[in-house]
Amino acid sequence: MANVFNTPKFGQGFTAGRDLPAGIRTEGVVLFVACMAAGLAGSALTKSPGWTIGGAVIGIYLMLATKVADQWEKAAVLRLGRYKGLRGPGIFFIVPIIDKISEFVDQRIRVTAVSAESALTRDTVPVNVDAIVFWVVWDAEKCILEVEDFKQAIQMSAQTGLRESIGRHELAQMITEREMLGKELQRILDEKTNPWGITVQSVEIRDVHIPQALEDAMSRQAQAERERQARIILGTAETEISSKFAEAALVYADNPIALHLRAMNMLYEAIKEKGSMVIVPSSAVETMGLGGMLATTTLAKNR
């Protein structure tokens, strides 16, 4: 745990524009400059170097003791190695040399990307799964004192839990039921991280990659399944049509006039378009009784 509270080296653990080497904050430097300016001004007025020395001592103290945490940050203070309490958000002061502070903990919702490469599903299919984990620190004290590197712990736990979830599900479930897989992984991670003061709010499965050969085989299978369904639908339609024709034949057998009317309607449908020609055998015309009707129509036109 001691590594958590070590003062970060230059360029590590600091925020640009806020921190300087040895954990000195920008605000502390401003106070140091102000104290030195006041001491120099006092020495210039009183002709005594004591003001400059006093201003330098106070400025150095304020420079080392002044810390500022943003609204979403908290830090733990250790006094002579013992936990003193949490500080922040806002400005706070520590006793230089005696006190030291931990890394500032961000309590906003954070996102961690995890991936499981070449993990085997329940039906022994190798897949690569990408997911994102949304988590938040709800107890900074537990997070700082009980976990050395909580960010790495979250990432490793999420990756392990993702592999466990993949091994318990088949490929079809992972592709069609991503939301269910995410909820299960969220429950597994939340049970692990709650004692650390961290809550996993949700897990989203971004993508499931399968081997190219298996993808081609699944595509051929889906195409064959669609063709089978199309043939079944076509056969069902033929069966329904044939049954309707059989019913119509029974009606026409008992009513020849209806059959003649149907035949006349078919001829009309065939010749109603301009420029069309239909050749009908004389026997069919006599059967339908169209000869007399055509002669009557011709005589009426001549008159």
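General observations
- The strands (runs of 3 or more DSSP E) found entirely in segment 51-142 that carry 2 or more residues being touching a residue at least 40 places away in the same chain (Cβ under 8 Å) are 66-69, 73-79, 82-87, 99-101, 110-120, 126-137.
- Residue check, Ile53 under 22 Å from Ile154 (Cα atoms) and of a type in the set (A, V, I, L, M, F, W, C): no
- Only one entry in Asp149, Asp123 is under 30 Å from Ser102 (Cβ atoms) and acidic (Asp, Glu), namely Asp149.
- Applying a threshold of 7 Å to beta carbon distances and a minimum spacing of six or more residues, or different chains, the list of pairs starting in segment 145-163 at a residue that is in contact (Cβ under 8 Å) with a residue 60 or more places away in the chain and within 14 Å of Ile198 (Cα to Cα) and ending at one that is part of a helix (DSSP H, G or I) and of a type outside the set (Asp, Glu) reads Glu148/Asn3; Glu148/Val4.
- Segment 166-210: number of residues that are without any contact (Cβ under 8 Å) to a residue 40 or more places away in the chain and of a type in the set (Ser, Thr, Tyr): 1
- Checklist (1) within 20 Å of Ile94 (Cα to Cα); (2) not in a strand (DSSP E or B) applied to Gly39, failing item: (1)
- Candidates Ala22, Ala38, Ala34: the one that is modelled with pLDDT of 80 or more and touching a Phe, Trp or Tyr at 6+ places or on another chain (Cβ under 9 Å) is Ala38.
The values are calculated or read from the model by the stated rules, or taken from the named source; none is laboratory data. Remember, predicted model here, so these are calculated numbers, not experimental data. Methodologically, a virtual Cβ is constructed for each residue, glycine included, from the backbone with ideal geometry; neighbour enumeration extends over all protein chains shown.
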